[in-house]
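These notes concern the structure reproduced below.
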Amino acid sequence: MNPDAKSKNLRLLRRALRMTQQQFLEQFLSGPSGEPTMSIATYSNMERKGGKRINEVISKVSRQLNLDPMVFTIDPGQFSEQVEHMIASAPEKQVGAESGAGDITELVNRLTVYFADDIISGRLKKGSRIESDRELARKMGVGRSAVREALKVLSVLGMIDIRPGQGTFISQKESNFFTVPLSWSLFLSRPQVEDILQVRNLIEVGAARLAAMSHDEEALSKLYAHSYEIFNAYDAGDHKRFLEADVAFHTSVAACSGNAVIFSMIETIRNLLKRVSQTGMVTDEQMTSIYNEHKEIFGAIMSKDPDEAGKAMYRHLKNSLVRYNYQ
């Protein structure tokens, strides 16, 4: 993100709309009474120097023009070239309209970008308390009920921690704010699922290669324990236990990679795919295949052979596409 570009791009947008600052305030930053919620002096200063309310302004403008708030962080030169097209393709939206059920996904993404930007700027950090739902509703230009629903989603995704009677706080795993925006949109159509399967394959193959180069004895010991659990579940013919061990094994491989972003993305992607998978493993033959494939992956990692570890993981994931039906 490029916070310094926001004020310049906001000014470029206003000029492209051929509005005075007063007209811009009346169109995008008016309260229920129709009066602007910001003075011209404050807004003018924001266009020149930015300010603590710039994210609030960008959020409201983006919502009404159906723009991605992230476009305001791109290079101003690039923004200038695209702004006319963005305006021409933006459908009209009712100013100040209450978000319906179909807008919750959009609001989740907007809040994610909003919080991520504050984390990058240092205004928020792990464990920080965030604003009230009333304040967020005002900044997002939606109703409090919509904000509460969106916050519940962020809580389920592990991005925030809602503590009854205390408030809402940024999760201790703040890196989720940089991976979940990519994956949240996957609740989903089939082409998007196919895209995320491709991403998963690239990441997990890379994770296996990195794991084979790992010298983290604690992480490797956990991988050994999960591999042994897979054997025990396979030996007992316990499908449910085997599937749980399968997920733990892949997560452990990601942990052995030593890359926190890879770990977070694999964990998120696997949770998403688990929700949209239409079939599970149902035969002893499939369980045998998975067991043997895991042995190859584990053996290559413990033998410190990154090339073979990557190949073994690729074969396993390719075969998984046949065993599972993602729609």
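Read the figures in this text as sums done on the coordinates, not as results from a lab. Remember, it's a predicted structure, so these values are computed and weren't measured experimentally. Positions of Cβ are generated from backbone atoms using ideal geometry, with glycine treated the same way; all protein chains shown enter the neighbour counts.
Tabulated data for the structure shown
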item: Neighbourhood charge, 14 Å Cβ-Cβ cut-off, centred on GLY237 and excluding it, Lys, Arg +1 and Asp, Glu -1; result: -2
item: Cα shape, the range 186-323, gyration tensor, a/c 1.5 rule; result: oblate
item: 12 Å beta-carbon shell around LYS311, net charge (K/R +1, D/E -1); result: -2
item: Computed E for GLU244/SER80 - FRET, C-beta separation, R0 41 angstrom, nearest 0.05; result: 0.20
item: Listed pairs LYS6/LYS52; LYS49/LYS126; LYS52/LYS125; LYS8/LYS52; LYS52/LYS152 exceeding 20 Å between Cα atoms; result: LYS49/LYS126; LYS52/LYS152
item: Under 12 Å, Cβ to Cβ, from GLU296 - net charge with Lys/Arg +1 and Asp/Glu -1; result: 0
item: Cα gyration tensor shape for the range 101-180, rounded if a/c is under 1.5, else prolate or oblate; result: rounded
